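Chemist: What follows is a single structure, and I will ask about it in a moment.
The values are calculated or read from the model by the stated rules, or taken from the named source; none is laboratory data. Values in this document were obtained by computation on a predicted structure and should not be read as measured data. No Cβ is skipped: glycine too gets one built from the backbone with ideal geometry, and neighbour counts run over all protein chains shown.
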Ligand code: FEO
(Lines give C-alpha, C1' and ligand atoms only; values in the text may rest on other atoms or scores of the structure.)
Protein backbone atom coordinates (compact mmCIF):
# COMPACT_ATOMS: atom_id res chain seq x y z
CA UNK A 1 0.00 0.00 0.00
CA UNK A 2 1.25 3.45 -0.90
CA UNK A 3 1.41 6.10 1.81
CA UNK A 4 -0.73 9.17 1.12
CA UNK A 5 2.43 11.27 0.70
CA UNK A 6 3.94 8.93 -1.90
CA UNK A 7 0.60 8.50 -3.66
CA UNK A 8 0.18 12.29 -3.96
CA UNK A 9 3.74 12.66 -5.26
CA UNK A 10 3.10 9.99 -7.92
CA UNK A 11 -0.12 11.73 -8.95
CA UNK A 12 1.83 14.99 -9.30
CA UNK A 13 4.41 13.19 -11.42
CA UNK A 14 1.72 11.63 -13.65
CA UNK A 15 0.57 15.19 -14.30
CA UNK A 16 4.17 16.31 -14.99
CA UNK A 17 4.71 13.46 -17.47
CA UNK A 18 1.46 14.27 -19.28
CA UNK A 19 2.43 17.97 -19.30
CA UNK A 20 5.77 16.93 -20.85
CA UNK A 21 3.87 14.97 -23.51
CA UNK A 22 1.73 18.02 -24.24
CA UNK A 23 4.81 20.26 -24.45
CA UNK A 24 6.53 17.96 -26.97
CA UNK A 25 3.36 17.65 -29.00
CA UNK A 26 3.19 21.44 -29.20
CA UNK A 27 6.86 21.52 -30.25
CA UNK A 28 6.08 18.91 -32.94
CA UNK A 29 3.27 21.09 -34.29
CA UNK A 30 5.58 24.12 -34.27
CA UNK A 31 8.37 22.31 -36.17
CA UNK A 32 6.04 20.67 -38.66
CA UNK A 33 4.47 24.08 -39.27
CA UNK A 34 7.96 25.16 -40.37
CA UNK A 35 8.25 22.11 -42.65
CA UNK A 36 10.72 20.39 -40.31
CA UNK A 37 9.11 16.97 -40.60
CA UNK A 38 12.06 15.10 -39.08
CA UNK A 39 12.02 17.36 -36.02
CA UNK A 40 8.28 16.76 -35.81
CA UNK A 41 8.78 13.01 -36.05
CA UNK A 42 11.34 13.03 -33.19
CA UNK A 43 9.07 15.18 -31.03
CA UNK A 44 6.01 13.04 -31.72
CA UNK A 45 8.02 9.99 -30.63
CA UNK A 46 8.98 11.92 -27.49
CA UNK A 47 5.32 12.74 -26.90
CA UNK A 48 4.51 9.01 -27.02
CA UNK A 49 7.36 8.23 -24.61
CA UNK A 50 6.07 10.76 -22.10
CA UNK A 51 2.57 9.29 -22.24
CA UNK A 52 4.12 5.86 -21.62
CA UNK A 53 6.02 7.28 -18.61
CA UNK A 54 2.76 8.65 -17.19
CA UNK A 55 1.05 5.31 -17.80
CA UNK A 56 3.83 3.34 -16.07
CA UNK A 57 3.18 5.46 -12.97
CA UNK A 58 -0.59 5.25 -13.41
CA UNK A 59 -0.36 1.43 -13.43
CA UNK A 60 2.07 1.38 -10.50
CA UNK A 61 -0.20 3.50 -8.29
CA UNK A 62 -3.14 1.18 -9.04
CA UNK A 63 -1.02 -1.95 -8.51
CA UNK A 64 -0.03 -0.68 -5.08
CA UNK A 65 -3.64 -0.14 -4.08
CA UNK A 66 -3.42 3.64 -4.43
CA UNK A 67 -5.84 6.08 -5.99
CA UNK A 68 -5.01 7.80 -9.26
CA UNK A 69 -6.16 11.44 -9.26
CA UNK A 70 -5.61 13.10 -12.62
CA UNK A 71 -4.95 16.82 -12.62
CA UNK A 72 -5.40 19.64 -15.11
CA UNK A 73 -2.62 20.21 -17.62
CA UNK A 74 -1.68 23.77 -18.53
CA UNK A 75 -1.55 24.84 -22.17
CA UNK A 76 2.04 24.68 -23.45
CA UNK A 77 3.75 27.46 -25.42
CA UNK A 78 3.11 27.61 -29.17
CA UNK A 79 6.33 29.32 -30.33
CA UNK A 80 9.73 27.84 -29.57
CA UNK A 81 12.18 29.95 -31.56
CA UNK A 82 15.02 28.58 -33.70
CA UNK A 83 15.57 24.83 -34.27
CA UNK A 84 18.50 24.97 -31.82
CA UNK A 85 16.31 26.80 -29.27
CA UNK A 86 13.70 24.04 -29.55
CA UNK A 87 16.24 21.44 -28.38
CA UNK A 88 17.69 23.74 -25.73
CA UNK A 89 14.14 23.88 -24.35
CA UNK A 90 13.87 20.08 -24.56
CA UNK A 91 17.08 19.70 -22.54
CA UNK A 92 16.06 22.31 -19.95
CA UNK A 93 12.73 20.55 -19.57
CA UNK A 94 14.37 17.14 -19.14
CA UNK A 95 16.72 18.58 -16.48
CA UNK A 96 13.62 19.84 -14.68
CA UNK A 97 12.02 16.36 -14.92
CA UNK A 98 15.23 14.75 -13.61
CA UNK A 99 15.09 17.00 -10.53
CA UNK A 100 11.46 15.96 -9.99
CA UNK A 101 12.25 12.24 -10.30
CA UNK A 102 15.16 12.63 -7.88
CA UNK A 103 12.85 14.33 -5.34
CA UNK A 104 10.33 11.54 -5.74
CA UNK A 105 13.09 9.00 -5.09
CA UNK A 106 14.19 10.93 -1.99
CA UNK A 107 10.62 10.80 -0.71
CA UNK A 108 10.48 7.02 -1.33
CA UNK A 109 13.71 6.70 0.68
CA UNK A 110 12.39 8.85 3.52
CA UNK A 111 9.13 6.87 3.60
CA UNK A 112 11.02 3.55 3.48
CA UNK A 113 8.92 2.63 0.45
CA UNK A 114 11.15 -0.05 -1.09
CA UNK A 115 8.94 -1.00 -4.06
CA UNK A 116 8.76 2.67 -5.11
CA UNK A 117 12.53 2.96 -4.84
CA UNK A 118 13.01 -0.02 -7.17
CA UNK A 119 10.32 1.24 -9.53
CA UNK A 120 11.87 4.71 -9.72
CA UNK A 121 15.31 3.36 -10.61
CA UNK A 122 14.05 2.79 -14.16
CA UNK A 123 13.11 6.48 -14.37
CA UNK A 124 16.46 7.60 -12.98
CA UNK A 125 18.24 5.64 -15.72
CA UNK A 126 15.76 6.87 -18.33
CA UNK A 127 16.50 10.51 -17.40
CA UNK A 128 20.22 9.98 -18.03
CA UNK A 129 19.31 8.80 -21.54
CA UNK A 130 16.78 11.61 -22.11
CA UNK A 131 19.28 14.33 -21.17
CA UNK A 132 22.06 12.68 -23.19
CA UNK A 133 20.04 12.46 -26.39
CA UNK A 134 18.90 16.11 -26.19
CA UNK A 135 22.50 17.22 -25.43
CA UNK A 136 23.86 15.25 -28.38
CA UNK A 137 21.42 16.93 -30.78
CA UNK A 138 22.27 20.38 -29.37
CA UNK A 139 26.01 19.74 -29.74
CA UNK A 140 25.56 18.60 -33.37
CA UNK A 141 23.56 21.74 -34.18
CA UNK A 142 26.16 23.93 -32.48
CA UNK A 143 28.92 22.38 -34.59
CA UNK A 144 27.07 22.24 -37.91
CA UNK A 145 24.68 25.16 -37.41
CA UNK A 146 20.90 25.06 -37.56
CA UNK A 147 20.35 26.69 -40.94
CA UNK A 148 20.52 25.75 -44.64
CA UNK A 149 22.07 22.40 -45.55
CA UNK A 150 22.95 21.59 -41.95
CA UNK A 151 19.33 22.00 -40.95
CA UNK A 152 18.16 19.78 -43.81
CA UNK A 153 20.70 17.11 -42.70
CA UNK A 154 19.61 17.37 -39.05
CA UNK A 155 15.96 17.14 -40.04
CA UNK A 156 16.74 13.89 -41.93
CA UNK A 157 18.70 12.50 -38.96
CA UNK A 158 15.90 13.25 -36.51
CA UNK A 159 13.42 11.64 -38.89
CA UNK A 160 15.27 8.31 -38.44
CA UNK A 161 14.30 7.99 -34.77
FE1 LIG B 1 9.32 11.44 -18.77
FE2 LIG B 1 11.24 12.96 -20.65
O3 LIG B 1 10.84 12.40 -18.96
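Chemist: Residue pairs, Cβ under 6 Å, 6 or more apart or interchain, first in segment 116-141 and over 19 Å from residue 13 (Cα atoms), second near the ligand (Cβ under 10 Å from one of its atoms). List them.
Modeler: 134/90; 134/94
Chemist: From 100, 44, grab the single residue that is within 21 Å of residue 160 (Cβ to Cβ), buried (at least 16 other Cβ atoms within 10 Å of the Cβ), in contact (Cβ under 8 Å) with a residue 12 or more places away in the chain and within 16 Å of the ligand (Cβ to nearest atom).
Modeler: Residue meeting the stated conditions: 44.
Chemist: Find all pairs meeting these conditions: Cβ atoms under 8 angstrom apart; at least six residues apart or on different chains; first residue within segment 64-76 and at positive phi; second residue exposed (fewer than 11 other Cβ atoms within 10 Å of the Cβ) and part of a loop (DSSP other than H, G, I, E, B).
Modeler: Within 8 Å, the pairs are 65/1.
Chemist: So which of 140, 133 ends up being closer than 26 Å to residue 29 by Cβ and within 16 Å of the ligand (Cβ to nearest atom)?
Modeler: 133 is the lone residue from the list that is closer than 26 Å to residue 29 by Cβ and within 16 Å of the ligand (Cβ to nearest atom).
Chemist: Right, next: Give segment 148-159 a look and list any residue that's surrounded by fewer than 15 Cβ atoms within 10 Å (Cβ to Cβ), touching a helix residue (DSSP H, G or I) at 6+ places or on another chain (Cβ under 8 Å) and without any contact (Cβ under 8 Å) to a residue 12 or more places away in the chain, or say none.
Modeler: The answer is 153, and nothing else.
Chemist: Residue by residue through segment 104-114, note down the ones that are touching a residue at least 60 places away in the same chain (Cβ under 8 Å) and within 16 Å of the ligand (Cβ to nearest atom). Show your work before the answer.
Modeler: First pass over segment 104-114, keeping only residues touching a residue at least 60 places away in the same chain (Cβ under 8 Å): 104, 107-108, 111, 113.
Answer for segment 104-114, where residues must be touching a residue at least 60 places away in the same chain (Cβ under 8 Å) and within 16 Å of the ligand (Cβ to nearest atom): just 104.
Chemist: Go through segment 122-137 and give me each residue that's surrounded by 13 or more Cβ atoms within 10 Å (Cβ to Cβ) and farther than 19 Å from residue 47 by Cβ.
Modeler: 124, 135, listed by residue number.
Chemist: Now, a different point. Scan 88, 106, 74 and give me the residue that is farther than 22 Å from residue 8 by Cα and at pLDDT 95 or above. Walk me through it before giving the result.
Modeler: Details: 106 fails: farther than 22 Å from residue 8 by Cα; 74 fails: farther than 22 Å from residue 8 by Cα.
The match here is 88.
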